[in-house]
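Peer 1: This is the structure I have questions about; it appears just below.
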Amino acid sequence: MPVTMAVCVVVGIVIGTFYANHFSGNRLSIINSSSNKLNNLLHIISDQYVDTVNVNNLVEKAMPQILSELDPHSVYISAKDVQMATDDLRGSFSGVGIEFTIRHDTLHVQQVISNGPAERAGLIAGDKIVTVDGDNFTGKTLTNEMAMHRLKGPKDTKVKLGVMRFGEKKIRQYVVTRGDIPTKSVTATYMLDDETGYIRIKNFGENTYPELLIALAKLAQHNFRSLCIDLRGNTGGYLQSAVQIANEFLPKNRLIVYTEGRKSPRQDYRSDGRGSYQQLPLVVLIDEGSASASEILAGAIQDNDRGTIIGRRSFGKGLVQQPIEFNDHSMIRLTIARYYSPSGRCIQKPYTAGDTKDYDEDLLARYEHGEFFSQDSIKHEGKEYHTAIGRPVYGGGGITPDIFVAEDTTNVTSYYKQASMSGLIIQFAFEYTDNNRQKLNDLKSVEDMERYLQRQNTVEAFASYADHQGLKRRNLMIQKSHQMLERYINSRIVYNILGEEAWMKYLNADDPAIRETLRVFREGIAFPQAPKPATGTKGKQDNKKAA
C-alpha cells in the first residue's frame, strides 16, 4: 500500500507539471476575475508572445488609457514627468534660475531670476547657452524638456554653461551652482488707482497664501480701500490654498466649500473668523480659463455674497484628485470626490466617461455658440440654487459671473488670428527685444516703455518680419487690427524686459474687466444686494440659506 500511494503521488506530480507547462496559457490556475486579468495578461504576453516585448513600456502606455475611461481629470504621470508636474505648485525647485525660450535651435535666456544662481554667476538676459558641461547644446534635437532636464538638478550641484553674448564672438564660460528657485503664484501686485489694490494669482500652490499676505501688506502701505483679485487663466492647484485665501475675507463659520465622494465622506471647510479683510470691498475676476481651486474661491465669495464676480463663465472643474505614488516614483492623480460650493452646487461640467472629445472641445463649442460675446448665450444645464441672501446661482458647469464682460472681437481679422495663433508675434517680440536690448534696458517703467514703443511703429516692423516668415501682408486687415496687434506685440516686449507684473500692468491699462471693476468700486456696489421680491408676492422672499 505505501509503495502504491507513493507511485500515485509521483504520477500526479508528473501529470500536473505536464499540463501546467503546456496549457497554462489557456487555463490559468487562479481565480480569473477582472482585478487580476491585467496582471495575467501581461504575464502571458511576456511568457508566450511571438516577439520580445518590453512589458514596462506596455504598462506606461496602458495606464493613461485605463484612467481616461474614468473621467477627464484622472491621469497617470510617469516618473520622469512627476517633478515637472509638481514644481509649479511646490513653491520652489532647484535649478539655475533662468527663464528661457528656444529659437533657431538655440536656447536664449529671456529673463534671469533676481539674485538667483545664474545672476550671481554673471548671466544676463539675452545670453545664448550653447554648451552644457562641455557638450554641444544646440541643434534640432534641443527641446524644452531636454533643457530643463540638464539645467535643473539637486541643490548645490554645479553646471558649466558656455554662453554667447550679444556682440561677442568668443564663448564665455560660467560655472553655476544650482539653488532653490521660487515659483511665484502671486505674479502681480500694484494699485489700479488711489484706492484700489490689484492682485493676480496665477495658480494655487503651497506658498500662495503667504504670498497673498505679503501682497496685501504691500498694498496696505498705499492705504488701499478695495481689492481686485484676478483669477483669469488660473487653472487651479491645491484646495487648501483656496480655502485659506477665502478665509481671509469671510466672517466666522461661513461654509467655503465641501467635498464628498463614494469613499470620501462629506468634509466641510469653514471660515474661522480670523481673516483681516472681512469688510473690504472685493471683486474677483474669472474667465473660461479659471478652473478648480479658482472656482472654489470664486464660488465661496459669490455664494456668501461677499463680493462681486466679474468676467465670463469659468471652466467647470468640480472634481477632486488625490495624488498616489508608486514605488518607481510615477504617480496617478485619481478623482476621489466632487467639491460643492456653499449653496450646494457642483460646478463640474457634464462629461461622458471614456469620451473626452466633447469635453476637450467644450471651450471651442462655447465660443462658437457665442457665449464669449453675449451673456444670453450662456446655457445653464444644472438646477437653480441660491446664495445666502437669495440670489439665484446655477450648477452644472462653472461659475457664472455677476457681471458679464464680453470678449472684444470688434477688430479681429483673419490676419490677427494667424499672427497670434502661429506664435509669430511672440517670436518677433523676442527678436526685437534681443536686437534692441541696450536701448530697452534704459526704460525702467511701464509708462516709459509704452511711450517709447509707440514711437517705433512695431506693427509695421512685425508685418515685414511676418511676411518673410510666410504670413502674407494684408494691409487692410493690418489697419483694422492695428490697435490689437500693437497691444499684443508691445506687451510681449514689456514682458521680456520688465517681467510679468509690468506685463499685466500694461495689459490692464486697457482692459474692459478692469474698467468694470473700477466702476463697481466707484459706485459702491461691490457687496451684492438681495433680489427684489416679485410683483404680487407681498414682500415674501426666499428664505433658503447657504449650507
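Peer 1: Might you let me know whether segment 109-116 holds any residue that is under 26 Å from Ala291 (Cβ atoms) and among the polar types (S, T, N, Q)? Even if it seems obvious, please write down each step before you answer.
Peer 2: Kept after step one, since they are under 26 Å from Ala291 (Cβ atoms), are these residues of segment 109-116: none.
No, segment 109-116 contains no residue that is under 26 Å from Ala291 (Cβ atoms) and among the polar types (S, T, N, Q).
Peer 1: Checking the conditions here, which among Ile324, Ile332, Ile310 is at pLDDT 95 or above and either in contact with a His (Cβ under 6 Å, 6 or more places away or on another chain) or among the aliphatic types (A, V, I, L, M) (or both)? Lay out the reasoning, then the answer.
Peer 2: Values: Ile324 fails: at pLDDT 95 or above; Ile332 fails: at pLDDT 95 or above.
Criteria check complete, one pass: Ile310.
Quick grid of which residues meet (1) over 23 Å from Gly307 (Cβ atoms); (2) not in a loop (DSSP other than H, G, I, E, B):
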site	(1), (2)
Gly344	no, no
Lys349	yes, no
Asp358	yes, yes
Leu363	yes, yes
Glu368	yes, yes
Phe373	yes, no
Asp376	yes, yes
Tyr385	no, yes
Ile389	no, no
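Peer 1: Can you tell me how many residues in segment 61-96 are acidic (Asp, Glu) and farther than 27 Å from Thr183 by Cβ? Quick ask: steps written out before the conclusion?
Peer 2: First pass over segment 61-96, keeping only residues acidic (Asp, Glu): 69, 71, 81, 87-88.
Among the residues that remain, those that are also farther than 27 Å from Thr183 by Cβ are: 69, 71.
Qualifying residue count, segment 61-96: 2.
Peer 1: Follow-up question, since we're still on this one. Tell me yes or no: at least one residue of segment 462-472 is touching a residue at least 40 places away in the same chain (Cβ under 8 Å) and open to solvent by 30 Å² or more (accessible area, probe 1.4 Å).
Peer 2: As a first pass, look at segment 462-472 and keep what is touching a residue at least 40 places away in the same chain (Cβ under 8 Å): 462, 465-466, 469, 471.
From the residues that got through so far, the ones that are open to solvent by 30 Å² or more (accessible area, probe 1.4 Å) too are 465, 469.
Yes, segment 462-472 contains a residue that is touching a residue at least 40 places away in the same chain (Cβ under 8 Å) and open to solvent by 30 Å² or more (accessible area, probe 1.4 Å).
Peer 1: How many residues are of a type in the set (A, V, I, L, M), under 20 Å from the mean Cα position of the chain (by Cα) and farther than 30 Å from His369 by Cβ if we restrict to segment 288-339?
Peer 2: Here the count works out to 3.
Peer 1: Now, a different point. So which of Ser481, Ser445 is surrounded by fewer than 19 Cβ atoms within 10 Å (Cβ to Cβ) and either in contact with a Gly (Cβ under 6 Å, 6 or more places away or on another chain) or farther than 30 Å from Glu295 by Cβ (or both)? I'd like the intermediate steps shown before the answer.
Peer 2: Working: Ser481 fails: surrounded by fewer than 19 Cβ atoms within 10 Å (Cβ to Cβ).
Selected residue: Ser445, the only one of Ser481, Ser445 that is surrounded by fewer than 19 Cβ atoms within 10 Å (Cβ to Cβ) and either in contact with a Gly (Cβ under 6 Å, 6 or more places away or on another chain) or farther than 30 Å from Glu295 by Cβ (or both).
Peer 1: Across segment 217-257, what is the number of residues that are open to solvent by 40 Å² or more (accessible area, probe 1.4 Å), within 21 Å of Gly311 (Cβ to Cβ) and touching a residue at least 60 places away in the same chain (Cβ under 8 Å)?
Peer 2: Result for segment 217-257: 2.
Peer 1: So how many residues does segment 423-442 have that are free of Cβ contacts under 8 Å to residues at least 60 places away in the same chain, in contact with a Phe, Trp or Tyr (Cβ under 9 Å, 6 or more places away or on another chain) and open to solvent by less than 30 Å² (accessible area, probe 1.4 Å)?
Peer 2: 2
Peer 1: Oh, and also: Checking Asp305 against (1) surrounded by fewer than 23 Cβ atoms within 10 Å (Cβ to Cβ); (2) at pLDDT below 95, only one condition comes out false. Which one?
Peer 2: (2)
Peer 1: Out of all the residues in segment 275-310, which are within 24 Å of Glu523 (Cβ to Cβ), among the polar types (S, T, N, Q) and not in a loop (DSSP other than H, G, I, E, B)?
Peer 2: Gln302, Thr308
Peer 1: Of everything in segment 75-107, what is among the hydrophobic types (A, V, I, L, M, F, W, C) and without any contact (Cβ under 8 Å) to a residue 24 or more places away in the chain? Give them in sequence order.
Peer 2: Just the residues of segment 75-107 that are among the hydrophobic types (A, V, I, L, M, F, W, C), to begin with: 75, 77, 79, 82, 84-85, 89, 93, 96, 98, 100, 102, 107.
Across segment 75-107, the qualifying residue is only Ala85.
Peer 1: Hey, could you check segment 96-137 for residues that are among the polar types (S, T, N, Q) and surrounded by fewer than 17 Cβ atoms within 10 Å (Cβ to Cβ) and say which is farthest from Gln438 (Cα to Cα)?
Peer 2: Initial filter on segment 96-137 (among the polar types (S, T, N, Q)): 101, 106, 110-111, 114-115, 131, 136.
Okay, now just the ones that are also surrounded by fewer than 17 Cβ atoms within 10 Å (Cβ to Cβ), so 101, 106, 114-115, 131, 136.
Numbers: Thr101: 19, Thr106: 21, Ser114: 19, Asn115: 21, Thr131: 25, Asn136: 28 Å.
Filtering first and then ranking leaves Asn136.
Peer 1: Which is modelled with pLDDT of 95 or more, open to solvent by less than 20 Å² (accessible area, probe 1.4 Å), touching a Lys or Arg at 6+ places or on another chain (Cβ under 8 Å) and in a helix (DSSP H, G or I), of Ala513, Ala502?
Peer 2: Ala513
Peer 1: Quick check: anything in segment 392-409 among the polar types (S, T, N, Q), farther than 30 Å from Glu295 by Cβ and either in contact with a Cys (Cβ under 8 Å, 6 or more places away or on another chain) or open to solvent by less than 80 Å² (accessible area, probe 1.4 Å) (or both)? Give the steps one after another, and end with the answer.
Peer 2: So the first thing to find is which residues in segment 392-409 are among the polar types (S, T, N, Q), and the list is 400, 409.
Now narrow it down to the ones that are farther than 30 Å from Glu295 by Cβ: none.
Checked against the condition, which is being among the polar types (S, T, N, Q), farther than 30 Å from Glu295 by Cβ and either in contact with a Cys (Cβ under 8 Å, 6 or more places away or on another chain) or open to solvent by less than 80 Å² (accessible area, probe 1.4 Å) (or both), segment 392-409 yields no hits at all.
Peer 1: In segment 316-361, what residues are hydrophobic (A, V, I, L, M, F, W, C) and within 10 Å of Pro72 (Cα to Cα)? I'd like the intermediate steps shown before the answer.
Peer 2: The first filter runs over segment 316-361 and keeps only residues hydrophobic (A, V, I, L, M, F, W, C), leaving 319-320, 324, 326, 331-332, 334, 336-337, 346-347, 353.
Across segment 316-361, the qualifying residues are Leu319, Ala353.
Peer 1: What tally of residues in segment 437-464 results from selecting those that are more than 12 Å from Leu485 (Cα to Cα) and either touching a strand residue (DSSP E or B) at 6+ places or on another chain (Cβ under 6 Å) or not in a helix (DSSP H, G or I) (or both)?
Peer 2: 7
Peer 1: Across segment 64-88, what is the number of residues that are within 15 Å of the chain's Cα centre (by Cα) and over 16 Å from Met148 (Cβ atoms)? Steps first, answer last, please.
Peer 2: The initial filter retains those residues of segment 64-88 that are within 15 Å of the chain's Cα centre (by Cα), namely 73, 84-88.
From the residues that got through so far, the ones that are over 16 Å from Met148 (Cβ atoms) too are 73.
Total meeting the criteria: 1.
Peer 1: Quick check on segment 484-498: of everything there that is more than 15 Å from Ala125 (Cα to Cα) and out of contact with any Leu (no Cβ under 7 Å at 6 or more places or on another chain), which residue is most open to solvent (accessible area, probe 1.4 Å)? So that I can check it myself, show each step before the final result.
Peer 2: Applying the first criterion (more than 15 Å from Ala125 (Cα to Cα)) to segment 484-498 yields 484-491.
Retained after the next criterion (residues that are out of contact with any Leu (no Cβ under 7 Å at 6 or more places or on another chain)): 484-489.
On the way: Met484: 46, Leu485: 1, Glu486: 43, Arg487: 75, Tyr488: 56, Ile489: 0 Å².
This residue is Arg487.
Peer 1: Another question, if that's okay. Residues that are at pLDDT below 90 and β-branched (Val, Ile, Thr): list the helices (runs of 4 or more DSSP H) wholly contained in segment 1-88 that include at least 2 such residues.
Peer 2: It comes to 2-23, 55-68.
Peer 1: Has segment 410-422 got at least one residue that is of a type in the set (A, V, I, L, M) and surrounded by fewer than 20 Cβ atoms within 10 Å (Cβ to Cβ)? Give the derivation first.
Peer 2: Filtering segment 410-422 down to residues of a type in the set (A, V, I, L, M) leaves 412, 419, 421.
The next check asks that each one be surrounded by fewer than 20 Cβ atoms within 10 Å (Cβ to Cβ); those that pass are 412, 421.
Scanning segment 410-422, I find at least one residue that is of a type in the set (A, V, I, L, M) and surrounded by fewer than 20 Cβ atoms within 10 Å (Cβ to Cβ), so the answer is yes.
Peer 1: Oh, and also: What's the number of the only condition in (1) surrounded by 15 or more Cβ atoms within 10 Å (Cβ to Cβ); (2) under 26 Å from the mean Cα position of the chain (by Cα); (3) at pLDDT below 95; (4) of a type in the set (A, V, I, L, M, F, W, C) that Met146 fails to meet?
Peer 2: (1) is the only condition that Met146 fails.
Peer 1: Still on this model: Looking only at residues that are closer than 24 Å to Asp230 by Cα and of a type in the set (Lys, Arg) in segment 258-286, which one is least open to solvent (accessible area, probe 1.4 Å)?
Peer 2: The qualifying residue least open to solvent (accessible area, probe 1.4 Å) is Arg270.
Peer 1: Among the residues of segment 171-216, which ones are at pLDDT 95 or above, open to solvent by 70 Å² or more (accessible area, probe 1.4 Å) and within 16 Å of the chain's Cα centre (by Cα)?
Peer 2: Within segment 171-216, Lys202 is the sole residue that qualifies.
Peer 1: Of everything in segment 516-547 that's among the small types (Gly, Ala, Ser) and either modelled with pLDDT of 95 or more or in contact with a helix residue (DSSP H, G or I) (Cβ under 6 Å, 6 or more places away or on another chain) (or both), which residue is surrounded by the fewest Cβ atoms within 10 Å (Cβ to Cβ)?
Peer 2: As a first pass, look at segment 516-547 and keep what is among the small types (Gly, Ala, Ser): 524, 526, 530, 534, 536, 539, 546-547.
With the extra rule that they be either modelled with pLDDT of 95 or more or in contact with a helix residue (DSSP H, G or I) (Cβ under 6 Å, 6 or more places away or on another chain) (or both), the set shrinks to 524, 526, 546.
On the way: Gly524: 9, Ala526: 18, Ala546: 19.
It comes out as Gly524.
The values are calculated or read from the model by the stated rules, or taken from the named source; none is laboratory data. Quick caveat, the model's predicted, so the values are computed rather than measured. A quick note on method: Cβ atoms are made from the backbone with ideal geometry, for glycine too, and the neighbour counts reach across all protein chains shown. All accessible areas refer to the heavy atoms of the entire protein, side chains included, with ligands and DNA or RNA removed. Shrake-Rupley method; radii C 1.70, N 1.55, O 1.52, S 1.80 Å.
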